[in-house]
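*Asks:* Okay, handing you the structure first.
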């Protein structure tokens, strides 16, 4: 007995009704989000650890004892350089630079680099503040006797890291680093948010946890900080 096979209906790509669905992000952009996320996290890694640790030390600065170490050195400015210094008018202001021969002598003899520093002139002395992260420093030259005093205060490595966190007296290069680091953190956070959205459907706790990260500091700001 011959049996005739029942013809089967083949559904092509355009056949049959289409089920409505959400518009998906193209795979190219998904790969880009992953790439930007891991690259920005790699750039931010050391900086985020530094700023997180110093955030704790700054928050408990009153409980962390510091034992400043003060070092004072004295020198005598050579007579020819004293004459050079005496030629600077008594009415000189911060815009008047320290004479180059005097600045070179300070660098060679006392190891003090005053380039880029703002001098403070008076009729009896020249004072140059040399603020630095983790401490303080200054040099003073008596315009009459040529006596040079260089004092340095070191408040320790915790104070040094705290000043890096605040960008205190760290110079232009560190200021640029903070800006670049902050931009990388923004990219890291935004791409992380986009990746959360992609995976939120399979992880129901995604948005409650992300929402808590917003609501907890907002609650503290509104109700507990006065």
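*Asks:* Among rounded, prolate and oblate, which fits the range 53-209 when a ≥ b ≥ c are the square roots of the eigenvalues of its C-alpha gyration tensor, a/c under 1.5 means rounded, and a/b larger than b/c means prolate?
*Replies:* It comes out prolate by the Cα gyration axes.
*Asks:* As a check on your grasp of the helix formula, calculate [θ] at 222 nm for the chain: sum -39500 (n - 2.57) over DSSP H runs of n ≥ 4, divide by the residue count, round to the nearest 500.
*Replies:* -15000 deg cm²/dmol
*Asks:* To the nearest 10 degrees, how steeply does helix 27-59 sit against the main Cα axis of the chain, on a 0 to 90 scale?
*Replies:* 40
*Asks:* Also: Distance between Cα centroids, the range 74-122 to the range 180-226: provide it in whole Å.
*Replies:* Using only Cα atoms to place each centre, the spacing works out to 53 Å.
*Asks:* If you don't mind, another one. Fewest Cβ neighbours within 10 Å first, please rank 155, 204, 69 accordingly.
*Replies:* In order of increasing Cβ crowding within 10 Å: 204, 69, 155.
*Asks:* Work out, in µm²/s and without decimals, the Stokes-Einstein translational diffusion coefficient of the range 58-99 at 20 °C, 1.002 mPa s, Rh from Kirkwood over C-alpha pairs.
*Replies:* Translational D for this selection: 145 µm²/s.
*Asks:* Would you calculate the convex hull of the Cα atoms in the range 136-184 and tell me its volume per residue in Å³?
*Replies:* Cα-based convex hull of the range 136-184, divided per residue, equals 79 Å³.
*Asks:* Can I ask one more? If you fit an axis through the alpha-carbon atoms of helix 206-219 and take the longest principal axis of the Cα set of the chain, what angle between them do you get, 0 to 90°, nearest 10?
*Replies:* Roughly 40 degrees between the two axes.
*Asks:* Could you please rank 137, 122, placing first whichever residue has the fewest other Cβ atoms within 10 Å of its Cβ?
*Replies:* Going from least to most buried by this count: 122, 137.
*Asks:* Between the helical axis of 171-199 and the dominant principal axis of the chain, each derived from Cα atoms, what acute angle in degrees is found, rounded to the nearest 10?
*Replies:* 10
*Asks:* Something else now. If neighbour count is taken as other Cβ atoms inside 10 Å, put 113, 67 in order from fewest to most.
*Replies:* 67, 113
None of the figures in this text is laboratory data; all of them are computed from the coordinates on show. Here the structure is a predicted model, which means the values were calculated and not measured. Because the Cβ atoms are built from the backbone with ideal geometry, glycine has one as well, and the counts that use them run over all protein chains shown.
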